[in-house]
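One structure below.
The values are calculated or read from the model by the stated rules, or taken from the named source; none is laboratory data. As the structure is a computational prediction, the values presented were derived from the model and not from experiment. A quick note on method: Cβ atoms are made from the backbone with ideal geometry, for glycine too, and the neighbour counts reach across all protein chains shown.
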Amino acid sequence: MNTYHLKLNDVEDFVPQLADKLGIGFKNKLGEFSVSIPSDYGSGKVSCINFPNGIGLYTLNVKFLEDTCIKINHPDVCPIRFIYCVNGELDAYFKEDNGCVLKSHQHLIAATTSTGIQCLKFKGGDSVLVCYLEINRLSFKNYLSFDLNEIGEKYFKLFGDIEGDNEIFQTGSYGLRTLDTIREIENCSLEGFPRINYLGGKALEILSHMLMQFREGSQEQEPRLKKRDLKAIERAVTHINENISNTGTVQELAKVSGVNVNKLQDGFQEVYGKTVNSYIRDVRLTRAMNLLLSGEKGVGEVVYELGLSSRSYFSKIFKRRYGILPKDVLNNKNLTEASE
């Protein structure tokens, strides 16, 4: 088994140290660090970005050839981590004989003591996607405009242990809204400063989901839906995201998901508060804004890529959502770039 022990002095040391262990270089774009796994060790990418509010966003989309363990020791920061397994599975533990196997849709809230080690173990040959938030509790405390003691006992347990005196190891399941946000992070095509701000907002969105969930209990609250119905909605959402230019009719989506149309519509209303078609429209508009802000495609190209037949209809719903026409997004971006 390959083991990489990262003893971090700074929040931005993770990728540089991992890259050094792998014997390769890394990239740094506006504070977003990334390293590609060399073919001798496997494939995939590890990336992270730490924001001024003390929140770090880490993504590991990897497939190692051999069993691989990443051991993280962060004695000066003593962070708390909200770890989400999106695809595949991995072992997570502080001590090898006392941990858990995280599978898809499961999360772990983890904080070691100041001398403790967070271990993430990946099985060789398995594709795994893990996303986690790492909270520098001192920076987070200093960023707040109010005293940390005011946040309530439950939340203080998570964020108030600045010195890392206590361990936290709590597992649970997360729902489709959290998964959607992680997908939006993975699918983000923005570059430069817009990308950094977008990722920062999405990190806060994930944290908000977790805080609401932690308040209510160990499971994300999606009442009145059976597990098989949630799985059906997930299949529909995955199909929509992977086939946004040709999602098919609601009837076809129902066949993909394995439930009838009424149950699919009811499920989307329960989870997202909108119809299937409204969900598809919102996914398209989010993708459209990202594409336009990237500056890589014109309005007509975006309309075609998203599977829409009418440019005028696209402009209408885009302005209704964002208060600006698609062409003005492009013009504003071009003017900004011309002045730089």
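I need a count of the residues in the stretch 112-127 that are under 21 Å from the mean Cα position of the chain (by Cα) and either part of a loop (DSSP other than H, G, I, E, B) or closer than 24 Å to Gly201 by Cα (or both). Even if it seems obvious, please write down each step before you answer.
Step one: list which residues in the stretch 112-127 are under 21 Å from the mean Cα position of the chain (by Cα), which gives 118-122, 126-127.
Then drop every residue that is not either part of a loop (DSSP other than H, G, I, E, B) or closer than 24 Å to Gly201 by Cα (or both), which leaves 126.
Residues flagged as under 21 Å from the mean Cα position of the chain (by Cα) and either part of a loop (DSSP other than H, G, I, E, B) or closer than 24 Å to Gly201 by Cα (or both) within the stretch 112-127 amount to 1.
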Discussion item. Take Asn28 and tell me if it is under 29 Å from Ser173 (Cβ atoms), surrounded by fewer than 16 Cβ atoms within 10 Å (Cβ to Cβ) and out of contact with any His (no Cβ under 7 Å at 6 or more places or on another chain).
Written reply: no
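What are the residues in the stretch 32-52 that are over 17 Å from the mean Cα position of the chain (by Cα) and in a loop (DSSP other than H, G, I, E, B), if any? Steps first, please.
Step one: of the stretch 32-52, the residues over 17 Å from the mean Cα position of the chain (by Cα) are 35-43, 52.
Listed by number, the residues that qualify are Ile37, Pro38, Ser39, Asp40, Tyr41, Pro52.
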Discussion item. Take the residues in the stretch 128-156 that are within 23 Å of the chain's Cα centre (by Cα) and polar (S, T, N, Q); name whichever of them is nearest to Ser34 (Cα to Cα).
Written reply: Asn136
Worksheet entry | Qualifying positions in the stretch 3-22 - of a type in the set (S, T, N, Q) and either modelled with pLDDT under 95 or assigned to a loop (DSSP other than H, G, I, E, B) (or both) | Asn9
Worksheet entry | Residue within the stretch 51-65 that is touching a Leu at 6+ places or on another chain (Cβ under 9 Å) and charged (D, E, K, R) present | no
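Any residue in the stretch 46-53 that is among the aromatic types (Phe, Trp, Tyr), touching a residue at least 12 places away in the same chain (Cβ under 8 Å), in contact with a Phe, Trp or Tyr (Cβ under 7 Å, 6 or more places away or on another chain) and crowded, with 17+ Cβ neighbours inside 10 Å? Steps first, answer last, please.
Of all residues in the stretch 46-53, those among the aromatic types (Phe, Trp, Tyr) come to 51.
Of the ones still in play, those that are also touching a residue at least 12 places away in the same chain (Cβ under 8 Å) are 51.
Still in the list and also in contact with a Phe, Trp or Tyr (Cβ under 7 Å, 6 or more places away or on another chain): none.
No; the residues of the stretch 46-53 include none that is among the aromatic types (Phe, Trp, Tyr), touching a residue at least 12 places away in the same chain (Cβ under 8 Å), in contact with a Phe, Trp or Tyr (Cβ under 7 Å, 6 or more places away or on another chain) and crowded, with 17+ Cβ neighbours inside 10 Å.
Of all residues in the stretch 85-108, how many are part of a strand (DSSP E or B) and either touching a strand residue (DSSP E or B) at 6+ places or on another chain (Cβ under 6 Å) or not assigned by TED's automatic domain parsing to the domain that holds Arg183 (or both)?
Taking the stretch 85-108 first, the residues part of a strand (DSSP E or B) are 85-87, 89-95, 98-103, 106-108.
Cutting the leftovers down to either touching a strand residue (DSSP E or B) at 6+ places or on another chain (Cβ under 6 Å) or not assigned by TED's automatic domain parsing to the domain that holds Arg183 (or both) gives us 85-87, 89-93, 99-103, 106-108.
The qualifying residues number 16.
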Item to complete: Test Ser245 against the stated conditions and say whether it is under 23 Å from Thr181 (Cα atoms), surrounded by fewer than 14 Cβ atoms within 10 Å (Cβ to Cβ), in contact (Cβ under 8 Å) with a residue 60 or more places away in the chain and among the hydroxyl-bearing types (Ser, Thr, Tyr).
Response: yes
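Considering each residue of the stretch 126-143, count those that are loosely packed, with under 14 Cβ neighbours inside 10 Å and of a type outside the set (Ser, Thr, Tyr), and give that number. Write out each step before concluding.
Taking the stretch 126-143 first, the residues loosely packed, with under 14 Cβ neighbours inside 10 Å are 142-143.
Cutting the leftovers down to of a type outside the set (Ser, Thr, Tyr) gives us 142.
Matching residues across the stretch 126-143 total 1.
Is it true that some residue in the stretch 324-334 is within 26 Å of Thr178 (Cβ to Cβ) and of a type in the set (Lys, Arg)?
Taking the stretch 324-334 first, the residues within 26 Å of Thr178 (Cβ to Cβ) are none.
Among the residues of the stretch 324-334, not one is within 26 Å of Thr178 (Cβ to Cβ) and of a type in the set (Lys, Arg), which makes the answer no.
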